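Okay, so here's the structure we're looking at.
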Amino acid sequence: MILAATVVCCLVMFFVWVWQKRIANAGVVDILWSYNFPLVAVVYFLLGDGWMERKLLISAMVLVWGIRLGTYLYIRVLGHIHEEDGRYKQLRIDWAPNFESKIFWFFQMQAVSNVLLSVPFLLACVNKSEALHPLEIAGAAIWLLAILGEAVADRQLQKFKSDKSNKGKVCDAGLWGWSRHPNYFFEWCIWLGYFVFACASPWGWVSIICPAIILYLLLRVTGIPMNEEQNLRSKPEAYKAYQQRVSMFVPLPPKKAGV
């Protein structure tokens, strides 16, 4: 099952690498990284010998989340097809003159991460217990609240950016007035939900690695650090003021000016 999922994800990322060469926009990897999870869920659903109702539930959760996120990113990235995300523009500079070879392996590592992070789905799909555990119900509830929160945050940011009068300004509307990265916070909560769900299956506790990895990536690697660096480059004064009054990750009441 793991081998089949790895082959599928690596093949997808190979074609994504070819695609980004043609359009000169490496940001498309984010789209297919999201879409790869539903593919992995389908592989595990078809090959897993667990209880059918559980397989249907976890697969539906992954499909709804992955397709929603991937489609949101598709609209955002392809709407600015000739305007590559600042994170990847910086990588073109940092990795020159071997950008294409390095980005190829970067994409393949994204495929590996798809499989590694799919441990909760794998464990659920091989669990033969014929009843939903309270932990699975709790995990599904966390997932539902988190995906709604992420969708609201994405919609608020999209609405803000669609208003041309906001060009050069910092989005602090709605959830963005309580967290500088509410979308990332709710994304992490989604993975927390998957972990809680998996804890009802044998060896489910090992899937703690998934929300831990996501949290590390968001806080230390490709998420918040690169996003904040880009915002500080594009709107330094406004973003510095935003940083001083709004929580970085967990939604909290904003600080008053001068506090």
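The values are calculated or read from the model by the stated rules, or taken from the named source; none is laboratory data. Since this is a predicted model, take the numbers as computed values, not measurements. Cβ sites come from the backbone with ideal geometry, for glycine too, and all protein chains shown count toward neighbours.
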- Which of the following residues is surrounded by fewer than 17 Cβ atoms within 10 Å (Cβ to Cβ) and under 14 Å from Asn114 (Cα atoms): Ala24, Ala4, Ala41? Ala4
- Hey, can you tell me all the residues within the stretch 101-148 that are β-branched (Val, Ile, Thr) and under 19 Å from Tyr184 (Cα atoms)? Ile142, Ile147
- Task: Give, as residue ranges, the helices (runs of 4 or more DSSP H) completely inside the stretch 160-259 that count at least 2 residues that are within 28 Å of Trp33 (Cα to Cα) and modelled with pLDDT under 95.
- Result: 209-220, 224-234
- Task: Go through the stretch 41-69 and give me each residue that's farther than 20 Å from Ala140 by Cα and within 22 Å of the chain's Cα centre (by Cα).
- Result: Val43
- Message: Any residue that is in a helix (DSSP H, G or I) and modelled with pLDDT under 95 - is there at least one of those in the stretch 60-67?
- Response: no
- Task: Could you grab the pairs with beta carbons closer than 8 Å, sequence gap of 6+ or different chains, first residue in the stretch 187-199 and not assigned by TED's automatic domain parsing to the domain that holds Asp30, second one outside any helix (DSSP H, G or I)?
- Result: Trp191/Leu117
- Query: Looking only at the stretch 44-89, which residues are over 28 Å from Gln156 (Cα atoms) and surrounded by fewer than 17 Cβ atoms within 10 Å (Cβ to Cβ)?
  - Reply: Leu46, Leu47, Asp49, Met52, Glu53, Leu56
- Message: I'd like to know if the stretch 104-114 contains one or more residues that are touching a residue at least 60 places away in the same chain (Cβ under 8 Å), farther than 30 Å from Ser234 by Cα, under 22 Å from the mean Cα position of the chain (by Cα) and crowded, with 19+ Cβ neighbours inside 10 Å.
- Response: yes
